[in-house]
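Structure first, commentary second.
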Number of protein chains: 2
Amino acid sequence: MMNNTKNFDKSREQNSLESAEDYTELIYDLISLKGEARVVDIAASLGISHVTAIRTISRLEKKGFLITKSRSPITLTKKGTSLALFSKNRHQTLLKFLLFIGVPKQVAEKDVEGMEHHVSKTTLKTIESYMGQHT
Amino acid sequence: MMNNTKNFDKSREQNSLESAEDYTELIYDLISLKGEARVVDIAASLGISHVTAIRTISRLEKKGFLITKSRSPITLTKKGTSLALFSKNRHQTLLKFLLFIGVPKQVAEKDVEGMEHHVSKTTLKTIESYMGQHT
DNA sequence: ATGTTAATGTAGCCTAGGCTACAAAGCTAG
DNA sequence: CTAGCTTTGTAGCCTAGGCTACATTAACAT
């Protein structure tokens, strides 16, 4: 009889990592650009309703990526900041690579959004090294 | 006041296309290899319970990708077969490309699983052409 | 200081995908 | 031909992410 938790964790760590990456990255950028990250802006940036954003943010808080205080801007924890930086870097690398092989900018930008969450560290390293050698 | 249907369609056509691709591809392969595609085998191959498989399959039937008959093997419609072939081809191309740039086989195989659904036709074409030129 | 607007939060509904537990149908062997 | 295993199907629960509608809080302007 298989313990349910395993499968949970599996999809949770997949799905939820994706939103964790998207949200922390976005929050990081918002803080950089606007000085603070607010729910409205997050929702607007992601093209979703503020309600959905609030719920997801509260889940991410439970998982230790960020901190919320009622009606105050959102801040990233250390864990959240690390994830944001990692995601941003991966995003950039991948984008550069697509452009490098000749994908049109607009297409590359859109494709990266979906692909980035599924690229392992090994593949990322390989890409970096490949671009290094073929410059 | 935004019409709800739009957002629905957006996520539906994303999410559901992913499973449509996975399922049609798998069913296609099962028919090739075993002569027929049964729920148990689909579930086993995807590593999910047969219940989840049944539900998803029934959704895909509603969307015209396949046909089920109670307690009989599953068959693909024309639409389903096209999608399967397209997905298989994209999968292969992407895998070849990752191997080409030097990603270890095991890693490549795993990464492709996630990435493939997010690679546009344009990017796919670009990859093909790039590999053609750099052989 | 009060009234309007913007931001946040709550309730409740939907789809999709995950599960277990149980029920029914079909095969296959005795 | 019946007992038992395998396959398929149903009921019901969970998480995650999407929404609208409504409520509350805060900020701002007059």
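The values are calculated or read from the model by the stated rules, or taken from the named source; none is laboratory data. These figures come from a predicted structure and were not determined experimentally. In this analysis, Cβ positions are derived from the backbone assuming ideal geometry, glycine residues included, and neighbour counts consider all displayed protein chains. Accessible surface is based on the protein model in full, side chains and every heavy atom, while ligands, DNA and RNA are left aside. Shrake-Rupley method; radii C 1.70, N 1.55, O 1.52, S 1.80 Å.
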inquiry  = Once the convex hull of the alpha carbons of the protein assembly as shown is built, what does its volume come to per residue, in cubic angstrom?
reply    = 174
task = May I ask you to report, in nm to one decimal and beginning with the shortest, the distances from A:H134 to the same position in the other copies, taking label points 7 Å along Cα-to-Cβ?
result = 0.1
query = Thinking of region A:50-112 as a set of Cα atoms, what percent of all their pairs are more than 16 Å apart?
reply = 58
query = Which lysines have a Cα lying under 19 Å from the Cα of A:K125, excluding residues fewer than 8 positions away in the same chain?
reply = A:K88, A:K96, B:K96, B:K105, B:K110
query = What does the helix-only formula give at 222 nm for chain A: each DSSP H stretch with n ≥ 4 adding -39500 (n - 2.57), the total divided by the residues, and the result rounded to the nearest 500 deg cm²/dmol?
reply = -22500 deg cm²/dmol
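Please state the relative contact order of chain B as a whole percent: Cα pairs under 8 Å, 6+ residues apart?
Numbers: 108 pairs, mean separation 28.9, N = 135.
Computed value for chain B: 21 percent relative contact order.
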query = Hey, what does the equivalent ellipsoid look like for region B:84-133, semi-axes from the Cα gyration tensor as sqrt of 5 times each eigenvalue, largest first, whole Å?
reply = 16, 14, 8
inquiry  = Run the label-point distances for A:K105 please: 7 Å along Cα to Cβ, every other copy, nanometres, shortest first.
reply    = 4.1
ask   = At a 1.4 Å probe, which residues in region B:90-135 are at least 50 Å² less accessible with all protein chains present than in their chain isolated?
value = B:I101, B:D111, B:M115, B:H118, B:T123, B:T126, B:Y130
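Of all the C-alpha pairs in region A:10-96, what % are more than 17 Å from each other?
On the way: 1619 of 3741 pairs.
Of all Cα-Cα distances in region A:10-96, 43 percent exceed 17 Å.
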remark   = Restricting to aspartates and glutamates and to Cα separations under 18 Å from A:K62, and discarding same-chain partners fewer than 8 apart, the set is A:D9, A:E13, A:E18, A:E21, A:D22, A:E25
Chain A - charge dipole about Cα centre, Lys and Arg +1 at Cβ, Asp and Glu -1, debye rounded to 20 = 440
key: Nm distances between copies for B:V39, ranked from closest, using label points 7 Å along Cα→Cβ   = 4.2
task = Skip the ligands, DNA and RNA, and give the accessible area per residue of chain A with a 1.4 Å probe, whole Å².
result = 60
Interface B:A - total buried accessible surface [probe 1.4 Å, Å², rounded to 100] = 1700
ask   = Can you name the residue in chain A whose Cβ lies closest to the A-to-B rotation axis, and give that gap in whole Å?
value = A:M115, 2
remark   = Simple SL model, points at 7 angstrom along Cα→Cβ for A:A44 and B:E61; separation in nm is 4.7
ask   = Using a 1.4 Å probe on the protein chains only, how many percent of the accessible area of region B:84-133 belongs to carbon and sulfur?
value = 54
task = Just flag the trypsin sites (Lys or Arg not before Pro) in region B:36-77 sitting in loop per DSSP whose Cβ has no more than 11 other Cβ atoms within 10 Å.
result = B:K69, B:R71
